[in-house]
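Written below as structure tokens is the structure these notes are about.
Each reported figure results from applying straightforward, stated rules to the coordinates on display, with no laboratory input. This structure is a prediction, so every number in the text was calculated from the model and none was measured. Using ideal geometry, Cβ is built from the backbone for each residue, glycine included, and neighbour counts are taken over all protein chains shown.
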Amino acid sequence: MTFPLSVASGLSSAVQTVAGWRRNFETLAATYKLGLAPDALAPPLRRHLGTEPADLVGTETNIVFANGLKWRPRPAFHAPYSVFTASLDALNADSVHSGKTGRELLTYETVDGRYPFGDEPKTTRELVCNYTTDGSFPQPVETQGGTDIAVLRRTSPRCGSAVLRRLGTVAWNEPLSVIAPTGQLSFLFVDFRYGLRGKALRFLYQIPPVYMAVHYQSGSIVKYRILPELLGSGLLVNPIPRDVGDVIALFAGRNADPVSAVQFTSHGAWLFSPRIAYQLRDVPYGRVRQRVGSGFPSTRN
């Protein structure tokens, strides 16, 4: 049986097209695999995680896909890009509190020079109060690309009831003492209120960034960008880790470099009220304990 020349030519073209698609797919797959290589975990950690559910706190969600983990993310995952309201933070906090997310892999990374724990203040509180370092990996672990990770597992409640230490206001650029009592964590609830000009302009223009300068007892000062809309949920201000090693120390009940004071600055301070209302609350921490009551104000909105 013979085919007309036009039919044979068409079949040949179709075969070549399919073959081209396959080559392109294989090329894309190889490129994708190569791109994920820096996010690969060491085999002992991958075996340890196995098929148990895990969540990732930070920006490097590729770690999940590069290692075939059973991902059970918080509702608003990839927080640096998705959590901009206290209600979304509360949604994630409820998920962590329930234990649905399983193990937590924390990279302590964010975007735009922010304070990593400031992306989800209430969720951070749930992590600190209900998780501890995984005994099999008590030190930071690295991906092939050099990203440090803290491996956390759920434990019994570690926080006592919060106690109000101070209630007041502070001016912009004024240092606010946040020295924590021994064996306790300090959380700062801040109410940034817009002035008349801010209320009018915030819907027309982008408000200049707000920063928090952190004064450590060692003498160093680090400036972080913060999101004012989230600070009413209670920001961990003592300790304030600078890297994953400090995070590990925090979960071990140690304060690597205590914070003495914080101060809020912004080129757009004139858009806000001249004084910033705050509450400073301390939480007993370290020993596993049964929590009687949180002692934290309700901030869901």
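Key figures for this structure:
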| quantity | calculated |
| --- | --- |
| Long-range amide H partners of THR59 with built H, under 5 Å | GLU109 |
| Phi to ³J(HN,Hα) by Karplus 6.51 cos²θ - 1.76 cosθ + 1.60 over region 163-176, Hz, x for Gly, Pro | 10, 5, 9, 8, 10, x, 9, 9, 7, 4, 6, 8, x, 10 |
| For VAL210, distant residues with modelled amide H under 5 Å away | ILE226 |
| Gain upon complete extension [VAL111, HIS48; 0.36 nm per residue less C-alpha separation] | 19.7 nm |
| Amide H partners (placed H, <5 Å) of ARG166, local residues excluded | LEU280 |
| Qualifying trypsin sites (Lys or Arg not before Pro) for region 100-143 [loop in DSSP, other Cβ within 10 Å: at most 14] | LYS100 |
| Residue order, fewest to most surrounding Cβ atoms within 10 angstrom, among VAL222, VAL178 | VAL222, VAL178 |
| Positive-pole candidate from VAL178, LEU167, PRO284, dipole of region 163-284, charges at beta carbon | LEU167 |
| Which of GLU52, GLU60, GLU104 has the fewest Cβ neighbours within 10 Å, and the rest in rising order | GLU52, GLU60, GLU104 |
| At most 14 other Cβ within 10 Å, DSSP loop - trypsin sites (Lys or Arg not before Pro), region 225-273 | ARG254 |
